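Quick notes on the structure that follows.
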Amino acid sequence: MNTFLFVILYCIHRFHGERSISAIYHLLKGKKSSQTIQDAKLYTLYPLFGIFPTIAREDLQEAVNYLLYHNFINQSEERYSVTEKGVNILNEWIKANPLPHSLNGWEYRDKWMIFWKRYTLITQTISNLIRGNGNFIPIQYDFEIQLFVKQFLKMWSKEELAQKLKVETELILKNQPQLQANLFVIQLSGYSTAGNTIQQAARKWNIDSIWASILFQACIHSILHTLKAEPSKFPVLSSICNDLISPMTQLTKTTQTTMQLIQKNYTIEEIAVIRNLKESTIEDHIVEITMNFPEFSIAPFINEEQVREIQEKMYHLRTKQLKKIKEAINKDDISYFQIRLVLSRMGDNVELTRTSKR
C-alpha cells in the first residue's frame, strides 16, 4: 500500500464512523467551511488539513474501493469503519512512518506555499544577480509573489542579503531531520541550476512521492513555527513571512470581520444585519473563533449548566455527532450552535473512552 491509501485509512479511523467520505475529501483538500474546520480540530486531523489541495474525488473513491476490497474497512450506508485487519496494518505503518510532529496543515494551510514561492524566487534572483545575470526566467510566475519579491529586494544590498539568507537558512535547517532538510534544499533553483521537483526528489531517496510531499510540507510548517516563535533570531526569513503568521491570519477573512464586531459587543443578530448575512453564518464564525482563540469567552452564548449537560451527553453516548447529542438532550433551549461551541472549546482533548461524569 502507498502513502495515500494509508492517509485515507488513517482519516477513516480517526472519524470513528461518524463522518462520510466527503468529509475526508473536504479535509484533505482544505475546504474552509465551518464543518470541515471543526472536523479537523474535533477529530485531531488538523495536521492533514489541506495537504492535498488538488485531490480528486475519483482518486479518493478509488482508494476507498481498494480498502474495501482488501477488507481494511467496512461500509455501513455512507459511513465507513476500520476493520481489525485495517487497524493492524495502520498501526504498523504509523510505527514505521509516524506523521511528523511539525505537520500542521490547519495552521499553515496556504501560507506555507506562499512562503515557499517567495523564498525560492528570492534565492533564485539573488543567486543570479550576484553573478551579474539579470536575464533569467523566474521560477514563480504569480504576480503577487513577484511584486512581493521586488519590494523585498529593495530593502537590502544583494551581497548582504545573499550572506544573511545563507546563514539563516543553514541555521534553521539544522533543526530539521536530515531527509526533510534535503527535500528543502534539492528543490531550490539558482544561477545555472534548476531545482528538482518533489517527484524527482522522492526518486532520489527512494521514497513514495506522497510521503515526500508530506515531509516537505512538515519541514516548511516547522520553519514557519520557528520564525513565529523566534523572529529576532531570523530577521531575513521572518521578514518573508511576517504577514502570514500573525494570530489573526488563522481566521478566514470573513470571520476576522465578525470577530471585530464581537469585540465591539454587537450581538449575533446585530452582526447578521450589519453584514447582511444569515445568523447561522455568524454562528459558524463564532465557532471558528472559539477553536482558534482559547481565551475567547463563550459565556455570552451559553451558560455553565448547558455546557455541563452537553458534556455529560457526549461522554455518555461516546460520540461527537451533533445530531445524536441534540436528540439525547431533547431540549429547545440547547441549540446545535451551542453544542458546536462546547465541542470546539474542548477541541481535540475530547476523550470518549472515559466514563461518564455522572
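The values are calculated or read from the model by the stated rules, or taken from the named source; none is laboratory data. All of these numbers come straight from a predicted model, not from anything done at the bench. Please note: Cβ atoms are built from the backbone with ideal geometry, for glycine as well, and neighbour counts cover all protein chains shown. Ligands, DNA and RNA are excluded from the accessible area calculation, which covers all protein heavy atoms including side chains. Shrake-Rupley method; radii C 1.70, N 1.55, O 1.52, S 1.80 Å.
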Given R₀ = 22 Å, FRET efficiency for residue 191-residue 157 by Cβ-Cβ distance, to 0.05? 0.80
Given Cβ point charges of +1 (Lys, Arg) and -1 (Asp, Glu) and nothing else, what value in debye, to the nearest 20, does the dipole of the chain about its Cα centre take? 580 debye
For the chain the mean separation of alpha carbon contacts under 8 Å (6+ apart) over residue count, i.e. relative contact order in percent, is 16 percent
Pop the C-beta distance of residue 22 and residue 260 into the FRET formula with R0 = 22 Å and round what comes out to the nearest 0.05. 0.10
Among rounded, prolate and oblate, which fits segment 305-345 when a ≥ b ≥ c are the square roots of the eigenvalues of its C-alpha gyration tensor, a/c under 1.5 means rounded, and a/b larger than b/c means prolate? rounded
Can you tell me the mean projection area, over all orientations, of the convex hull of segment 181-247's alpha carbons? Units nm², please. 5.4 nm²
Between 0 and 90°, nearest 10: helix 84-96 axis offset from the chain longest Cα axis: 30 degrees
Carbon and sulfur %, accessible surface of segment 201-358 computed with the full protein complex present, 1.4 Å: 48 percent
Derived scalar couplings ³J(HN,Hα) [segment 135-150; Karplus, 6.51 cos²θ - 1.76 cosθ + 1.60; whole Hz; x for Gly, Pro]: 10, 9, 8, x, 7, 10, 9, 4, 4, 5, 5, 5, 5, 4, 5, 4
How big, on average over all directions, is the shadow cast by the Cα convex hull of segment 1-135, in nm²? 10.6 nm²
Modelled FRET efficiency - R0 22 Å, residue 75 with residue 2, Cβ distances, 0.05 increments: 0.55
Explain nothing, just compute: Karplus ³J(HN,Hα) = 6.51 cos²θ - 1.76 cosθ + 1.60, θ = phi - 60°, for every residue of segment 34-47 in order, whole Hz, x for Gly and Pro. 4, 5, 5, 4, 5, 4, 4, 6, 5, 9, 6, 10, 4, x
Residue 131 versus residue 113, label points 7 Å from Cα toward the beta carbon: distance in nm? 2.9 nm
Just to confirm the number: angle between the C-alpha axis of helix 279-292 and the first principal axis of the chain, 0 to 90 degrees, nearest 10? 60 degrees
Among 153-163, 250-260, how do they line up by average Cβ neighbours within 10 Å per residue, starting with the highest? 250-260, 153-163
Could you work out the equivalent-ellipsoid semi-axes for the chain, taking the square root of 5 times each eigenvalue of the Cα gyration tensor, largest first, in whole Å? 40, 28, 16
So how tilted is helix 3-15 from the main axis of the chain? Cα-based, degrees 0 to 90, rounded to 10. 30 degrees
Global geometry of segment 201-358, whether rounded, prolate or oblate, following the gyration tensor of its Cα atoms and the 1.5 cut on a/c: oblate
Dividing the alpha-carbon Rg of segment 1-76 by 2.2 N^0.38 Å yields what? 1.01
Note: residue 91 to residue 293 extended length (0.36 nm per residue) minus current alpha-carbon separation gives 69.5 nm
What number, in percent, do you get for the relative contact order of segment 146-214 if the mean sequence gap of Cα pairs under 8 Å and at least 6 apart is divided by its residue count? 16 percent
How many angstrom separate the Cα center of segment 259-284 from the Cα center of segment 323-338? 22 Å
Rounded if a/c is under 1.5, else prolate if a/b beats b/c, else oblate: with a ≥ b ≥ c from the C-alpha gyration tensor eigenvalues square-rooted, which is segment 70-117? oblate
Expressed as a rounded percentage, what relative contact order does segment 209-285 have, with Cα pairs under 8 Å and six or more residues apart? 19 percent
